[in-house]
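The values are calculated or read from the model by the stated rules, or taken from the named source; none is laboratory data. Here the structure is a predicted model, which is why all the values come from computation and not from measurement. Using ideal geometry, Cβ is built from the backbone for each residue, glycine included, and neighbour counts are taken over all protein chains shown.
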Amino acid sequence: MDVEGQLVPKPVYLWGVLAVLTLLLYCWLLPSPIPGIPRNESLGILGDMPSMLRYARRTGEPTAWFREQTEKLQAPLVQVFLRPFSKPFLVLADFRESQDIMMRRKDFDRSRFTNDLMGGPAPNHHIIQPTNGVWKAHRRLLQDLMTPSYLGMVGLPAVYGSALNLVKLWKVKAALAQGRPFSARGDMFFVTLDAILGFSFGDAFQHSAMRPQLDLLGSMMSEESDRLNREDGEGRDVPVEFPEAPLNEYVDAILNAGNILEALQSSIVPKLTYWWLSRKRAYRRAHRVKDDYIRHELEQAVRRLEERKEDEEETWVRSAVDLMVARERKFAAQDGRTPEYYSGIMLDEIFGFVVAGHDTTSTTLLWGLKFLTANPHVQVRLRERLHAAYPSAAAEKRTPSMQEIAHTTVPYLDATVEEMLRCAKTAPAITREATVDTQLLGYPVPKGTNVFMLSNGASFFTPSFEIDESKRSKASRAAKVRKLDESSDMAAFAPERWLVYQDGQETYDATAGPQLVFGLGTRGCYGRRLAYLEMKVLVTLIVWTFELSPVPASLASDAAVDGLSHQPRECYVRLREVV
Ligand code: HEM
């Protein structure tokens, strides 16, 4: 006993209580795993976050970190802890199970993760909605935009026109570069931008990104070419750096308003990051200019619509915006309300086309150029098939016309584009959220758990993990899924994996390999048909017109960076005209 008759002095007692409380708090904050699902052991309260951030800083590819966890833990389903004090995220590396979740299961839906990302910049876009009445109402406005007839009427001219501009630009660049390589990044960015803006706003769209590039380079004199070659070094392998014309201010604003997504994508607290970034003057300005511009395009479309009679067919429609205002008028009449042509929904859905459809397509094409450059035999085979498919164009030494392309099927082209999409890993992970307590591969999955389904590892580029059939869902077991051939080199770029031969005929088979780049099921990519169209037209015109000659190894690295999509760090081409 001490002098005051206490067993333990008061300060010591208080320190003890504090220590116990701290310990309890620490234990409470520690990651609470889902029983049984493999994970990294001995994690602190920050979970896997430090490891993931270190990896992301070192490589620029956080999505590869996810793949590495499945490889390290040797399991098709693992759990990781990525946000402070939050539930685990599941990582699934199995094509068949991912297909099942997206195509058959009702207990998984759009993840709130998407809302964290897009909810700030585009709060009225359907991508953030669960599959409910609101989502359906938005999609009703866009209905038919991706039908073959609409794509033929609006999508194809927009894509073909911008592809022709690319060919023109590259002819000029090939002549100026005199056999030296140059970066294709800006050109792919511009050509896909024109395609999606032409699709969204129609042929009245004034602000092409490609035309100023053409004007700028077209005006360069031959002395300029000598200067470019002299200044940049004499070696055949030293890349030429071409000047780039600035973008129109509206186009620039649309892109800048979308660029914020890159910062949100890499943030561990995206909502807070959005709150902070959206206060910056540059962002507020870009957002305002972008909205003003879209409103202006909507006004033009409403004017065109009002020049039409009420009951007229939609044959006048020349852009996504035209179709949307026509639909809005129709639905408003059906519902007995005034049309809301300039609502946040209209603005965000149109903005969404550009954001969702531009970077993704441009990135996939950049990878595609790298794959073609590294695989000259694929170029040769594809060019042969194209010449056989368009004999008149080949005989007349001209580019295949838009109509010829629209009405011809070239299986080897389809296979090449599909293989580009697989190997590019443009969207290396698709996310879904459990809407109820459920099960995955035999493990309990609490409601609200997010699952990242990978397309950059096992069952895509390396053989699938062994999975006990009894652990799969009933629907998965019942579905007659084809066992994919995993005996060939899965990591290789080989369009042939998508081809089958029937009666000696080469045929493209979209189910012959694993593909998740567009997601799947009801919530799969809305714009995939437009993306295929763009890729087919651009790959056709590029391979028809140019040989993509090898570039030095120092310009051909596979390094990538995860932004809005999984982008190559560099993409150089060396062009030789072949028509
Ligand atoms: C190579 C090009 C493209 C890739 C790789 C791509 C990829 C994706 C992916 C992975 C998703 C999420 C799918 C899911 O959760 O299951 C998605 C959704 C979406 N994409 Fe694409 N996309 C591409 C082109 C386009 C284009 C050209 C457009 C528009 C014109 C577009 C519009 C959309 C929209 C609106 C959604 C949301 C669908 C919904 O939530 O219901 N995408 N895309």
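Annotations for the structure displayed:
- Among (1) assigned to a loop (DSSP other than H, G, I, E, B); (2) touching a helix residue (DSSP H, G or I) at 6+ places or on another chain (Cβ under 8 Å); (3) farther than 22 Å from L413 by Cα - the single one S557 does not satisfy: (2)
- T511 vs. criteria at pLDDT below 95, closer than 22 Å to V378 by Cβ and surrounded by fewer than 19 Cβ atoms within 10 Å (Cβ to Cβ): yes
- Residue list for segment 386-415, restricted to those being of a type in the set (A, V, I, L, M, F, W, C) and either without any contact (Cβ under 8 Å) to a residue 60 or more places away in the chain or out of contact with any strand residue (DSSP E or B) (no Cβ under 8 Å at 6 or more places or on another chain) (or both): L386, A388, A389, A393, A394, A395, M402, I405, A406, V410, L413
- Conditions (1) surrounded by fewer than 22 Cβ atoms within 10 Å (Cβ to Cβ); (2) modelled with pLDDT of 95 or more; (3) away from the ligand (no atom under 16 Å from the Cβ): number failed by V573: (1)
- Of everything listed in (1) surrounded by 14 or more Cβ atoms within 10 Å (Cβ to Cβ); (2) at pLDDT 90 or above; (3) not β-branched (V, I, T), the single unmet condition for F353 is (2).
- Some residue of segment 316-328 being in a helix (DSSP H, G or I) and loosely packed, with under 15 Cβ neighbours inside 10 Å: yes
- Of all the numbered requirements in (1) of a type in the set (V, I, T); (2) in a strand (DSSP E or B); (3) touching a residue at least 40 places away in the same chain (Cβ under 8 Å), V500 misses one, and that requirement is (3).
- Of all the numbered requirements in (1) of a type outside the set (G, A, S); (2) within 30 Å of V354 (Cβ to Cβ); (3) more than 13 Å from the ligand (Cβ to nearest atom), R529 misses one, and that requirement is (3).
- The one condition from (1) at pLDDT 95 or above; (2) more than 12 Å from R523 (Cβ to Cβ); (3) not in a helix (DSSP H, G or I) that D100 does not meet is (3).
- Pick from segment 458-480, criterion small (G, A, S) and within 29 Å of the chain's Cα centre (by Cα), ranking: surrounded by the most Cβ atoms within 10 Å (Cβ to Cβ): S459
- Restricting segment 503-525 to residues that are without any contact (Cβ under 8 Å) to a residue 24 or more places away in the chain and of a type in the set (D, E), the residue that is farthest from A427 (Cα to Cα): D503
- Selection count, segment 29-71, where residues are part of a helix (DSSP H, G or I), of a type in the set (D, E) and either in contact with a helix residue (DSSP H, G or I) (Cβ under 9 Å, 6 or more places away or on another chain) or on the phi > 0 side of the Ramachandran plot (or both): 1
- Residue match in segment 387-405 (condition: among the small types (G, A, S), within 16 Å of the ligand (Cβ to nearest atom), in contact with a His (Cβ under 6 Å, 6 or more places away or on another chain) and over 23 Å from D100 (Cα atoms)): no
- Remark: pairs (first residue in segment 118-142, free of Cβ contacts under 8 Å to residues at least 12 places away in the same chain; second residue more than 9 Å from the ligand (Cβ to nearest atom); Cβ separation under 9 Å; 6+ apart in sequence or on different chains) = N132/D109; A137/F331; A137/I345.
- Looking across segment 269-281, the residues that are surrounded by 12 or more Cβ atoms within 10 Å (Cβ to Cβ) and in contact (Cβ under 8 Å) with a residue 24 or more places away in the chain come down to V269, P270, K271, Y274, S278.
- Note on segment 103-123: residues that are part of a loop (DSSP other than H, G, I, E, B) and within 20 Å of the chain's Cα centre (by Cα) total 6.
- Subset of segment 403-438 (residues that are small (G, A, S), at pLDDT 95 or above and farther than 30 Å from P62 by Cβ): A415
- Among residues of segment 148-171 being modelled with pLDDT of 95 or more and β-branched (V, I, T), the one that is surrounded by the fewest Cβ atoms within 10 Å (Cβ to Cβ) is V167.
- When we screen V354, V302, V317, V321 for residues that are under 24 Å from D194 (Cα atoms) and free of Cβ contacts under 8 Å to residues at least 60 places away in the same chain, the only hit is V302.
- Looking only at segment 445-457, and only at residues there that are buried (at least 17 other Cβ atoms within 10 Å of the Cβ) and of a type outside the set (G, A, S), the one that is farthest from F518 (Cα to Cα): V445
- Pick from segment 356-399, criterion charged (D, E, K, R) and surrounded by 14 or more Cβ atoms within 10 Å (Cβ to Cβ), ranking: modelled with the lowest pLDDT: D359
- Looking across L145, L166, L151, one residue alone is within 15 Å of the ligand (Cβ to nearest atom) and part of a helix (DSSP H, G or I). It is L151.
- Scanning segment 406-445 for residues that are hydroxyl-bearing (S, T, Y) and more than 15 Å from the ligand (Cβ to nearest atom) yields T408, T409, Y412, T438, Y443.
- Flag for G442 being under 16 Å from V78 (Cα atoms) and surrounded by 23 or more Cβ atoms within 10 Å (Cβ to Cβ): no
- Selection within segment 78-96 - hydrophobic (A, V, I, L, M, F, W, C), over 14 Å from A429 (Cβ atoms) and in contact with a Pro (Cβ under 8 Å, 6 or more places away or on another chain): F81
- Condition met for G120 (away from the ligand (no atom under 13 Å from the Cβ), on the phi < 0 side of the Ramachandran plot and among the small types (G, A, S)): yes
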